[in-house]
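Quick notes on the structure that follows.
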Amino acid sequence: MRPTVGLAVRTPGGPVQPWSFERRDLRPDDVAVAVTYCGVCYSDVEAIHGAREPGLPLVPGHEFVGRVRAVGDAVTRFRVGDEVAVGNCVDSCGACDECRAGAENHCSDGGPTLTYLGVDRRDGRRTQGGWSTEYVVAEAWVHRLPDGLDPAASAPLMCAGITSWEALRHWEVGPGSTVGVVGIGGLGHLGVKFAKALGAEVVAFTATPDRVADITALGADEVVVSSDPDAMAAQARRFDFVLDTASRRHDLSPYLRALRLHGTLCLLGIPPTVEVETRALRVGRHSLSGSGTGSPARVREMLGFCAEHGITADVEVLPSAEIATALDRLERGDVKYRMVLDLGDLGDLTVAS
């Protein structure tokens with residue numbers, strides 16, 4: 001087994017603190033990644049708050065970059081020292097219709113195996129996440145980090161980035177498309193960058209008027225203040241596609257009314273509940289849909305596009321010793337636009353007994 005240190009929640013409601021545990025020995029197709037940077041996603045916050053036995057201890061983190069430390073005998077795509085990235089899925093059954101069609105992220109055999117809060121399909125052990133000194137993962141789910149992309153700013157591409165990219169690519173956003181992006185946070189700010197680079201006209205929606213200048217700097221052609229009823233009414237029948245990344249409950253009806261005939265509103269944030277006026281769906285034959293992460297092939301496509309267009313996340317980087325500060329700021333919405341942990345200090349922290 002491979003000794004590892006992670007940032008873990010060990011008791012319900014307890015603090016996140018360093019914890020010593022073991023990763024599996026390398027299988028023939030495994031890659032051991034020395035983790036350098038890992039994003040802090042709001043789903044990590046939710047997992048920490050919801051952590052209960054028997055799922056403890058819990059090491060979060062599912063969007064990370066690092067360097068290859070070791071490889072199994074059958075690995076052909078990577079060598080020790082390569083810079084790589086890993087996202088929020090690390091395995092699938094490989095045999096269902098979805099997997100055979102290259103949509104492993106939609107695996108119908110229990111879903112894909114998650115980077116944490118999952119169960120290893122071969123040994124039955126619970127997966128532990130990327131807030132750690134090392135991660136061991138099958139080669140098929142490891143991605144080469146293109147030259148020229150800043151590693152810390154690339155970590156969020158592996159969750160926030162691929163989630164936005166998957167939706168934009170599935171609905172064929174490109175030149176001639178008019179796209180709205182709702183909620184300009186970790187996912188939304190990358191949605192703006194991607195949609196603009198794909199050639200679309202991009203309009204961002206924010207409830208906060210004092211953020212207009214910052215959002216425009218991301219590349220949005222226009223920013224609409226969603227708390228202004230007149231500004232929202234003026235958007236009627238304007239958009240081919242609306243990417244909704246807001247994670248809190250809100251009314252979808254104004255955005256449905258902003259769609260053109262046959263337009264689609266896609267939920268990425270997936271709040272617990274939403275409000276929908278059914279007439280806003282029926283008139284214009286609008287579609288309300290959802291999307292999540294992407295397949296390994298789609299991740300590689302996204303990373304290539306990012307390298308070509310110089311796209312990374314706008315991040316704030318904190319050392320892993322400041323994880324409590326990172327989580328507090330994320331819960332308060334005080335992040336612009338994604339928090340990333342520098343895990344270089346993790347091996348030196350005092351490990352909880």
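Where a number appears in this text, it was derived from the coordinates with a stated rule and is not lab data. What you see is a predicted model, and the numbers here were worked out from it, not measured in a lab. Counting neighbours? That spans all protein chains shown, and the Cβs are built from the backbone with ideal geometry, glycine included.
Quick look at the values:
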read-out: Net lengthening on full extension, Val283/Asp109 (0.36 nm per residue, minus Cα-Cα); value: 58.9 nm
read-out: Pairwise label distance in nanometres, Thr208 with Arg52, each label 7 Å out on the Cα-Cβ vector; value: 3.3
read-out: Kirkwood Rh and Cα Rg combined as Rg over Rh, evaluated for the stretch 54-203; value: 1.00
read-out: Projected label distance in nm at Thr11 and Ala217, using a 7 Å step from Cα toward the beta-carbon; value: 4.3
read-out: Shape category assigned to the stretch 18-139 from the gyration tensor of Cα positions, a/c cut at 1.5; value: oblate
read-out: Nonlocal amide H pairs with Asp109, under 5 Å, H built at 1.01 Å; value: Cys93
read-out: Using a Förster distance of 51 Å, the FRET efficiency for Arg24-Glu316 (Cβ separation, nearest 0.05); value: 0.95
read-out: The stretch 37-92 versus the stretch 264-319: alpha-carbon centroid distance in Å; value: 21
read-out: Net lengthening on full extension, Arg77/Thr325 (0.36 nm per residue, minus Cα-Cα); value: 85.5 nm
read-out: The chain: calculated mean residue ellipticity at 222 nm from DSSP helix runs of at least 4, using -39500 (n - 2.57); value: -6000 deg cm²/dmol
read-out: Descending semi-axes in Å of the chain, equivalent ellipsoid built from Cα gyration tensor; value: 35, 22, 19
read-out: The stretch 14-145: relative contact order as a whole-number percent, Cα under 8 Å and 6+ apart; value: 31
read-out: Highest-fluctuation residue, Arg100, Arg260, Arg300 considered, GNM on the chain with Cα pairs under 10 Å; value: Arg100
read-out: Net charge dipole size for the stretch 64-182 [Lys, Arg +1 and Asp, Glu -1 on Cβ; Debye, nearest 20]; value: 200
read-out: Net length gained if the chain between Arg100 and His262 were fully extended (0.36 nm per residue, minus Cα distance); value: 55.3 nm
read-out: The chain: most fluctuating residue of Ser295, Ser227, Ser177 per GNM, C-alpha cutoff 10 Å; value: Ser227
read-out: Sorted largest first, extent of the stretch 303-353 alpha carbons per principal axis (Å); value: 46, 27, 13
read-out: Between the stretch 158-224 and the stretch 10-24, the alpha-carbon center distance in angstrom; value: 36
read-out: Rounded to whole Hz, the Karplus (6.51, -1.76, 1.60) HN-Hα couplings of the stretch 278-287, x for glycine and proline; value: 4, 4, 5, 7, 6, 7, x, 6, 7, 10
